[in-house]
Amino acid sequence: MKLHTRCIRLVILAILLLVALSACDSDKQVPAPPDMEGIWAGLGYVQLSNQYLNQRQVSVMLDIDSLGVVYGAIGDAYFQKVRLRGPNWLSRLFGNKKYFVTVSLQDPIVKYENFRRPGGTLTIEKAKNKELLCTFTSTGSETDKANPVLVVTDIKCSLKITR
């Protein structure tokens, strides 16, 4: 019985160590893969009721350099000099190849409706054949109707200028 308990403890300790190591690696800036570098522009579809936002598409512009520094805009809200974050080693081990850009937004995302969110995360799901596929999820609440989360899906950005 003691050997069995020790084995369980070792397995739990190993799992905790893996989780801790992956957490240390999760927020660092990564260089952009070569097929992700450049200036990109596209549109995505708003997944939010007309009750909150009438506009059904939002434009996205991204300027990604080789070091992983990103400038751009989500709708009418600009952001600058944010980090490109890649999947940590544990996620890559399980096949996750998504990249993330966490932004702070000062301006409204949709100016003429004064629709604001203080920030959000752009998930770059794929960069292939001079096209980026992304999703944007704003800050906000799924339960607070006064501050709903804005989700923009099926963002397809095409490459405008290569570096």
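Restricting attention to segment 150-157, does a residue exist that is part of a strand (DSSP E or B), among the hydroxyl-bearing types (S, T, Y) and without any contact (Cβ under 8 Å) to a residue 40 or more places away in the chain? No. The single condition among (1) over 19 Å from D65 (Cβ atoms); (2) surrounded by 14 or more Cβ atoms within 10 Å (Cβ to Cβ) that D154 does not meet is (2).
Name the residue that is farthest from M36 (Cα to Cα), counting only residues in segment 118-131 that are crowded, with 20+ Cβ neighbours inside 10 Å and at pLDDT 95 or above.
G120
Per the conditions (1) of a type outside the set (D, E); (2) part of a strand (DSSP E or B); (3) over 21 Å from Y71 (Cα atoms), the sole criterion not satisfied by T121 is (3). Being outside any strand (DSSP E or B) and within 15 Å of the chain's Cα centre (by Cα) is a condition met by no residue of segment 127-138. Among the candidates I109, I74, I64, the residue that is more than 30 Å from A146 (Cβ to Cβ), buried (at least 17 other Cβ atoms within 10 Å of the Cβ) and among the β-branched types (V, I, T) is uniquely I64. Filtered by the rule that a residue be under 17 Å from R116 (Cα atoms) and either among the hydroxyl-bearing types (S, T, Y) or within 12 Å of the chain's Cα centre (by Cα) (or both), segment 144-161 gives V151, V152.
When the test is whether a residue is touching a strand residue (DSSP E or B) at 6+ places or on another chain (Cβ under 9 Å), in a loop (DSSP other than H, G, I, E, B), among the charged types (D, E, K, R) and closer than 24 Å to D65 by Cα, K160 does not pass it.
Candidates are the residues of segment 2-49 that are in a helix (DSSP H, G or I) and among the hydroxyl-bearing types (S, T, Y); the one that is modelled with the lowest pLDDT is S22. Listed by first and then second residue, the pairs linking a residue in segment 103-132 that is closer than 23 Å to K156 by Cβ to a residue that is part of a loop (DSSP other than H, G, I, E, B) and of a type in the set (V, I, T), with Cβ atoms under 7 Å apart and 6 or more places separating them unless they lie on different chains, are F115/I109; R117/I109; R117/T139; G119/T139; G120/T139.
Set side by side, the residues S66, S59 differ, and just one is farther than 16 Å from T137 by Cβ, small (G, A, S) and not in a strand (DSSP E or B), which is S66. Scanning segment 123-161 for residues that are more than 19 Å from V101 (Cβ to Cβ) and among the hydroxyl-bearing types (S, T, Y) yields S141, T143.
The values are calculated or read from the model by the stated rules, or taken from the named source; none is laboratory data. Please read all numbers here as calculations on a predicted model, not as lab measurements. Heads up, the Cβs are rebuilt from the backbone with ideal geometry, glycines too, and the neighbour counts pull from every protein chain shown.
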